[in-house]
Every structure is written in C-alpha cells, then in structure tokens.
Amino acid sequence: MASVGNGQGGGNGHSSQRWDTGDQGSRPRPRSNEGTVSGRRFVIAGVVTVLLIWGAVSLGFRAWRANYEALAAYGATEVAPVIDSLADRVPPGIDPAAWRQAVADTHAMLLALTGASLLDRPAMEALRAEISALVARSTPETAQHDLTGLWEDLERKAGPVIAPDTDPPPNARHAARNPRPARPELLKGK
C-alpha cells in the first residue's frame, strides 16, 4: 500500500513514496489476566510444595534414624553383653570352646535382634531384665537348657529377624557388620 506524498519530497520536485506498514512490525499488546492463573505461579507453587514435602520427609527420616541408632546402641551395649557371663558356666560334658562359641553366637543373635528396629526401648529393657534373670539363675548344669530356651523363645517371638544370614543380599551393610549366625548345634532342642 503505497501512498503518494504531496510533492514535498526532498525539495527537488519529485514525489516521494511512503509505505504504510500498519501493525505488522509491532508486538501484540498483552491481554488482561483477569480470571486466569499464571503458569509461572503454578510452577512456583509446585516447586515450593515439593520442597516442603521433601523437607518434612527429611526431618522425619532424621528423627527416625536418630531413634534407631540410639536403640541399636542400647541393644549392643546393654542387652547383648548380658549373656556373655554364661561363657564361664560350661555345662558338664560340653567342650569349653564349643560352649564359648555358642554364647558368642547368642550374643550375635541378640545384636541382630536389637539392631533390627523390631523392639522399642521398653521391650529392650524387658528383654535385658529377662536375660539378666536367666543368667543369674543359670548354673553349669542348667546353662545349656537355659540358653536353648532363650533361643526357642526369641525364635518364636522374632521369627525370621534372627534367622541366619545364609545368603545376605548384596551390599547389605548391616549383615556384614552384624552377621546372624545359625543356632549352634548344641543348643538345638532335644
């Protein structure tokens, strides 16, 4: 669309042409956002929501892990060592080395049980009291029977938690640190 000027184009008497470009080169004007939701606001709200959920889960996991580590430490320092004094009460007719190994395997089983996050603090305290009472009343003549009874009771209550690690999963850090031994042969029920 060309329009012809009025003859004042440059002073030489020639007519100049002017092109009417209209709105071709200009940017469209933004429309009003009344009644619509901005995509930017939606993305920001989504990111904030994900961050809040992640933070809550992270804090919850930290609290759980601290509680787990405290319980596992209590089991390793206060529950499992109680059984160790039975190693000195060798039953008659039992090889002392085999008896000490049976007591050590029981200690390892108690480590696996208390480190499995199966028992809370009151349950661990009750287990400690039960083992303390068993050790206090045990004599060399009753030690084998008492220890066998402890294994049977804990196997009945804990089941596969104290089953031996015959085939631990690959990269199982807990199984590598605290392997669960099988019940010693001399503690098998009669």
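Some observations on this one:
- Residue count for segment 88-108 under the criterion of being of a type in the set (A, V, I, L, M, F, W, C) and over 11 Å from residue 147 (Cα atoms): the result is 6.
- Residue match in segment 66-84 (condition: in a helix (DSSP H, G or I), of a type in the set (Ser, Thr, Tyr) and at pLDDT below 90): yes
One line per residue, one yes/no per condition, for (1) in contact with a Cys (Cβ under 7 Å, 6 or more places away or on another chain); (2) β-branched (Val, Ile, Thr); (3) touching a residue at least 12 places away in the same chain (Cβ under 8 Å):
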{"site": "85", "(1), (2), (3)": "no, no, yes"}
{"site": "94", "(1), (2), (3)": "no, yes, yes"}
{"site": "112", "(1), (2), (3)": "no, no, yes"}
{"site": "115", "(1), (2), (3)": "no, no, yes"}
{"site": "145", "(1), (2), (3)": "no, no, no"}
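- Top-ranked residue of segment 90-131 - restricted to ones that are in a loop (DSSP other than H, G, I, E, B) and among the small types (Gly, Ala, Ser), ranked as farthest from residue 155 (Cα to Cα): 93
Residues checked against (1) of a type in the set (Ser, Thr, Tyr); (2) out of contact with any strand residue (DSSP E or B) (no Cβ under 8 Å at 6 or more places or on another chain); (3) at pLDDT 90 or above:
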site: 23; (1), (2), (3): no, yes, no
site: 32; (1), (2), (3): yes, yes, no
site: 37; (1), (2), (3): no, yes, no
site: 48; (1), (2), (3): no, yes, yes
site: 59; (1), (2), (3): no, yes, yes
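- From the list 179, 160, 91, the one residue that fits, being modelled with pLDDT of 90 or more and of a type outside the set (Val, Ile, Thr), is 91.
Okay, residues lined up against (1) at pLDDT 90 or above; (2) surrounded by 19 or more Cβ atoms within 10 Å (Cβ to Cβ):
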site	(1), (2)
86	yes, yes
104	yes, no
122	yes, no
156	no, no
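The values are calculated or read from the model by the stated rules, or taken from the named source; none is laboratory data. In this text, all values refer to a predicted model and were calculated from it rather than measured experimentally. Note that each Cβ is placed from the backbone with ideal geometry, even for glycine, and that neighbours are counted across all protein chains shown.
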